[in-house]
Amino acid sequence: MIVFKNVSKSYKNTTVLKDISFTIEDGDLVCLIGESGCGKTTTLKMINKLIMPTSGEIIINKQNIKKINSIKLRRKMGYVIQQTGLFSHMTIKENIEIIAKIIKMPEEKRKKRVKEMMTMVGLDEKLLERYPNELSGGQLQRIGIARAFMTGPKIILMDEPFSALDPMSRTALQDELLKLQRKFHKTIVFVTHDMDEAIKLADKIAIMDQGKLIQYDTPENILKHPANDFVENFVGKKRIWNSPELIKVKDIMITRPITCKEEDSKFYCINKMRMSKVDSLMVINEERELLGILYAESLSLKNKKEKGIKSYIERDITTVKENDSIVDLTKVVTDTKSATIPVIDRNNHLVGLITRSSLITALSQQFIEEDEK
């Protein structure tokens with residue numbers, strides 16, 4: 001865990017950071033983002049003591065980093081920068097194993113580990129004897145990642161590592177980093193100026209402006225609930241529609257669907273539909289477990305003398321969960337052609353309702369917002 005407590009940084013009359021406080025949980029990938037000069041790289045470099053705060057505390061694993069030897073601290077962290085930081089006079093193998101050599105990792109273990117790192121980043125071992133100027137930009141960044149992971153550090157710092165790459169290489173490396181993170185669960189602090197990159201990679205995003213931390217939250221919450229106008233404008237008002245997987249069923253569902261009980265009479269249910277201006281009722285029990293759907297059209301087609309509704313209830317129905325994405329929901333609606341889809345929790349309790357019209361209304365919101373500008 002990395003904790004910033006009221007951290008500030010000043011150079012003579014210039015304040016770079018102003019009272020920054022936030023916590024990075026173990027195993028999280030946190031993106032620091034903001035305009036040039038906002039203080040994001042300064043914040044990153046404070047973690048490995050390349051820059052020391054003017055005031056405040058930085059705590060790593062319950063220990064103030066002021067009390068930790070700087071060299072020992074850095075050797076326990078991986079560090080990847082935009083220019084890769086590889087030594088041009090060293091081979092790729094020598095670059096990858098440099099820290100491992102310094103900490104006296106046994107030679108056989110080192111050799112094995114270097115090969116594992118090359119496999120991990122998807123590069124051929126034949127490249128190990130080459131020099132950095134013989135590799136492409138994308139390959140060099142992969143080597144930088146391999147070196148950062150070489151000694152198995154729990155914390156990895158990445159300062160705009162992919163920003164100089166072409167779009168295809170950048171996307172490929174972002175995907176690779178996500179795979180590695182899912183496998184190894186490192187604590188990664190990643191500086192970027194690209195909001196799309198931050199949304200794609202981060203567990204949490206720290207948005208900074210003029211040395212201040214403006215909002216620190218999950219990508220989903222930042223997109224849905226920007227803290228202020230600056231965040232909303234920085235993120236982009238329609239950015240959420242670029243990441244529809246972050247829009248959940250619970251964000252667009254009808255939260256109070258009209259319901260009935262299995263014991264209710266047909267007359268009662270017909271009247272309830274008429275009064276509520278709906279053509280179906282969600283059938284639940286006392287615990288709000290979903291039992292099925294009662295459709296108005298089925299009541300008119302079956303035995304008119306029957307007073308109860310049990311034989312009219314449609315029990316083989318399609319449902320979705322409240323945390324399903326709008327992408328998943330759209331596929332369900334398309335595949336099943338269902339006009340009414342109950343939303344349930346993990347215990348089959350009814351929590352909401354999606355109708356075809358409510359889905360269309362939600363999808364249309366992106367165009368309504370555009371017209372309001």
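Here are a few things to note about the model shown:
- Of all residues in region 51-70, those satisfying the criterion of being charged (D, E, K, R) and either outside the structural domain of Leu177 (by TED's automatic domain parsing) or under 29 Å from the mean Cα position of the chain (by Cα) (or both) are Glu57, Lys62.
- The one condition in (1) over 30 Å from Thr319 (Cα atoms); (2) part of a helix (DSSP H, G or I); (3) touching a strand residue (DSSP E or B) at 6+ places or on another chain (Cβ under 8 Å) that Pro161 fails to fulfil: (2)
- Residue check for Leu290: at pLDDT 90 or above, crowded, with 18+ Cβ neighbours inside 10 Å and farther than 20 Å from Asp345 by Cβ: no
- Only a single item in (1) without any contact (Cβ under 8 Å) to a residue 40 or more places away in the chain; (2) charged (D, E, K, R); (3) out of contact with any Asp or Glu (no Cβ under 7 Å at 6 or more places or on another chain) is not met by Glu160, and it is number (1).
- Scanning region 349-359 for residues that are modelled with pLDDT of 75 or more and within 27 Å of the chain's Cα centre (by Cα) gives Val351, Gly352, Leu353, Ile354, Leu359.
- Residue that is in a loop (DSSP other than H, G, I, E, B), out of contact with any Ser or Thr (no Cβ under 6 Å at 6 or more places or on another chain) and in the same structural domain as Gln63 (by TED's automatic domain parsing), where the choices are Leu86, Leu73: Leu86
- Those residues of region 202-219 which are crowded, with 19+ Cβ neighbours inside 10 Å, under 13 Å from the mean Cα position of the chain (by Cα) and not in a strand (DSSP E or B), in sequence order: Ala202, Pro219
- Filter result for Ser169 (hydroxyl-bearing (Ser, Thr, Tyr) and part of a loop (DSSP other than H, G, I, E, B)): no
- Scanning region 35-58 for residues that are in contact with a Lys or Arg (Cβ under 7 Å, 6 or more places away or on another chain), part of a strand (DSSP E or B) and at negative phi turns up just one, Glu57.
- For beta carbons closer than 9 Å, sequence separation of 6+ or different chains, a first residue in region 102-130 that is touching a residue at least 40 places away in the same chain (Cβ under 8 Å) and within 17 Å of Lys76 (Cβ to Cβ) and a second that is aliphatic (A, V, I, L, M) and assigned to a helix (DSSP H, G or I), the qualifying pairs are Met105/Ile99.
- Scanning region 61-94 for residues that are under 16 Å from Ser136 (Cα atoms), crowded, with 19+ Cβ neighbours inside 10 Å and at pLDDT below 90 returns Thr84, Leu86.
- Selection within region 315-336 - farther than 24 Å from Cys260 by Cα and assigned to a loop (DSSP other than H, G, I, E, B): Asn323, Asp324
- Scope region 127-141; condition part of a helix (DSSP H, G or I) and within 18 Å of His89 (Cα to Cα); matching residues: Leu127, Leu128, Glu129, Pro132, Asn133, Glu134, Gly137, Gln139, Leu140, Gln141
- Neighbours by Cβ (under 7 Å, 6+ apart or cross-chain): first from region 38-61, under 28 Å from Phe234 (Cα atoms); second surrounded by fewer than 20 Cβ atoms within 10 Å (Cβ to Cβ) and of a type in the set (D, E, K, R): Cys38/Asp209; Ile51/Lys45; Gly56/Lys5
- Residue within region 104-119 that is assigned to a loop (DSSP other than H, G, I, E, B) and among the charged types (D, E, K, R) present: yes
- As a summary of the residue check, Lys250 satisfies the conditions (1) assigned to a helix (DSSP H, G or I); (2) farther than 22 Å from Val333 by Cβ except for the one numbered (2).
- Filtered residue count, region 126-145, keeping only those that are crowded, with 22+ Cβ neighbours inside 10 Å, among the aliphatic types (A, V, I, L, M) and touching an Asp or Glu at 6+ places or on another chain (Cβ under 9 Å): 1
- Condition check for Asp166: over 30 Å from Ile341 (Cβ atoms), surrounded by fewer than 21 Cβ atoms within 10 Å (Cβ to Cβ) and touching a residue at least 24 places away in the same chain (Cβ under 8 Å): yes
The values are calculated or read from the model by the stated rules, or taken from the named source; none is laboratory data. Note that the structure is predicted; figures quoted are calculated from it, not measured. Heads up, the Cβs are rebuilt from the backbone with ideal geometry, glycines too, and the neighbour counts pull from every protein chain shown.
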